[in-house]
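Q: My structure is below; once you've seen it, I'll send some questions.
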Amino acid sequence: MSTTITVRLPDKLAEELANISKLTERPKSYFVQKALENYLNEQAQLQIALDRLRDINDPVITIKDVKKEIGL
């Protein structure tokens, strides 16, 4: 199942999207979908990181400790 949505893009971004679509012979919707998937994944990862940073029961490990643990 899929849902149709409409977005308004700045001319320059729309041109870039059209160009990459033409060069790769993929529909513009493919790139919009992939970009949105990546953005949402990054936001989810950021939220997890922020939640862990704020969790006083989750220890903060320094890069120095990590290097020591893996023998660098």
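Computed from the coordinates by the stated procedures, all read-outs in this text should not be read as laboratory data. The structure displayed is predicted, hence computed values, not measured ones. Ideal geometry is used to build each Cβ from the backbone, glycine not excepted, and the neighbour counts take in all protein chains shown.
Q: Measuring from label point to label point, each 7 Å out along Cα→Cβ, what is the residue 56 to residue 15 span in nm?
A: 5.5
Q: Give the angle, between 0 and 90 degrees and rounded to the nearest 10, that separates the Cα long axis of helix 28-54 from the longest principal axis of the Cα atoms of the chain.
A: 20
Q: Going by a ≥ b ≥ c, the root eigenvalues of the Cα gyration tensor, does the chain fall in the rounded group (a/c under 1.5), the prolate group (a/b larger than b/c) or the oblate group?
A: prolate
Q: Note down the nm distance, to one decimal, between modelled labels 7 Å out along Cα→Cβ at residue 67 and at residue 47.
A: Modelled inter-label distance: 3.5 nm.
Q: While we're on this one: Compute the length gained on full extension between residue 7 and residue 25: take 0.36 nm times their separation in residues and subtract their Cα-Cα distance, giving the result in nm to one decimal.
A: Here the answer is 4.4 nm.
Q: With a cap of 12 neighbouring Cβ atoms within 10 Å, and only residues DSSP puts in a loop, list the GluC sites (Glu not before Pro) found in the chain.
A: Sparse-neighbourhood loop GluC sites (Glu not before Pro): 25.
Q: Spelling out what I want: for every residue of the range 61-67, take phi, set θ = phi - 60°, compute 6.51 cos²θ - 1.76 cosθ + 1.60 (Karplus), and round to whole Hz; glycine and proline get x.
A: Result, ordered by residue: 10, 7, 4, 4, 5, 5, 4 Hz.
Q: Only loop residues by DSSP count here, and only those with at most 11 other Cβ atoms within 10 Å; note down the trypsin sites (Lys or Arg not before Pro) in the chain that meet that.
A: Sites meeting the loop and neighbour criteria: 8.
Q: Related question: Within the chain, count lysine pairs with alpha carbon atoms under 20 angstrom apart where the residues are 8 or more positions apart or belong to different chains.
A: Taking the Cα cut-off of 20 Å, the pair count is 4.
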